[in-house]
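The values are calculated or read from the model by the stated rules, or taken from the named source; none is laboratory data. For clarity, every value in this text was computed on a predicted model and none was experimentally measured. Virtual Cβ from ideal backbone geometry, glycine too; neighbours counted across all protein chains shown. These area figures cover heavy atoms from the full protein model, side chains too; ligands, DNA and RNA do not enter into them. Shrake-Rupley method; radii C 1.70, N 1.55, O 1.52, S 1.80 Å.
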Amino acid sequence: KTVKVPNATVIYNGQAIDEEDFEKLTNTKGDFDMFLTPTAGTITITDYDNDGEYDAVFVDKYETMLVTSASDDKVIGKIDGVSTTISVKDDFGDKTIEVTKKGDEARVRNLSKNDVASVYRNVGDSNGSTVIKFIVTGETVSGKVTSVDDSDEDEFTLTLDGRDEYLVDKNIQSSISIGNEVTAYLDNFNRIGYIDGASGVLLDTNEKYG
């Protein structure tokens with residue numbers, strides 16, 4: 001459903017932002033609407049005074065990251081199939097950094113290779129995001145691949161054991177064949193973000209991160 005909200009205030013991951021701010025802080029032009037549309041997350045539209053015009057749009061957007069490595073200063077991995085580095089340095093004490101792993105509070109350096117993290121981050125300021133949250137559920141599903149639908153260029157659907165259907169994130173660089181027995185790792189929205197290569201899936205092990 002498409003709704004026009006020409007005069008509404010946009011609150012993106014807790015931060016009020018307009019298209020001018022977006023372009024200035026991200027050095028990006030023309031992608032504001034696409035940026036606000038979450039693949040994983042929610043959009044809430046509010047009409048405070050019931051006058052038929054929407055006053056605010058609240059966007060809670062999460063990005064699925066396949067973690068490569070993590071330290072006290074940064075997290076490296078892939079988002080939307082693109083190598084990404086997220087700085088978590090907090091030299092001035094003005095950042096909010098939260099990590100939840102398997103339901104417990106953790107530190108950034110506790111993130112491990114091939115963790116599937118749902119990342120919530122605001123645009124922040126000229127120095128980058130000021131609020132960053134990583135959620136790793138650690139949940140897995142296993143079974144035989146009985147169908148694959150790759151008609152979407154960004155992600156495809158995988159069905160296990162003929163009954164359980166899952167969206168598969170773009171980060172996965174793999175060749176999945178019907179009949180494979182797989183173990184898949186889920187993000188916070190039950191989307192598959194990583195498939196264990198030990199299950200017989202052919203992974204792209206030559207991917208380089210930086």
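Note down the nm distance, to one decimal, between modelled labels 7 Å out along Cα→Cβ at A56 and at E98.
Label-label distance for A56 and E98, simple model: 1.8 nm.
Please work out the ratio of the alpha-carbon Rg of the chain to 2.2 N^0.38 Å and round it to two decimals.
Normalised Cα radius of gyration, the chain: 1.11.
Just to verify a number: what accessible area does K144 come out at with the full protein assembly present, 1.4 Å probe, Å² rounded to tens?
90
If you build the Cα gyration tensor of the stretch 1-66 and take the root of 5 times each eigenvalue, what three semi-axes come out, in whole angstrom, biggest first?
Its equivalent ellipsoid spans semi-axes of 21, 15, 10 Å.
Express the carbon and sulfur contribution to the solvent-accessible surface of the stretch 1-126 as a percent, rounded to the nearest whole number, probe 1.4 angstrom.
Carbon and sulfur: 43 percent of the exposed surface of the stretch 1-126.
Could you report the chain's accessible area per residue, 1.4 Å probe, as an integer in Å²?
57
Each residue of the stretch 186-193 in turn: what ³J(HN,Hα) in whole Hz from Karplus with 6.51, -1.76, 1.60 and θ = phi - 60°, glycine and Pro shown as x?
Residue by residue, the stretch 186-193 yields 9, 8, 6, 10, 6, 9, 6, x Hz.
Quick one: of K4/K24; K24/K61; K4/K74; K29/K78, which pairs are farther than 28 Å apart, Cα to Cα?
K4/K74
Per 10 Å bin from zero, what fraction in whole % of the C-alpha pairs of the stretch 1-113 is there, up to the bin with the longest pair?
Going out from 0 Å in 10 Å bins, the stretch 1-113 shows 11, 33, 34, 17, 4, 0 percent.
Under the rule of at least 5 residues apart or a separate chain, name every residue whose amide H is placed under 5 Å from the amide H of N114.
V67, T68
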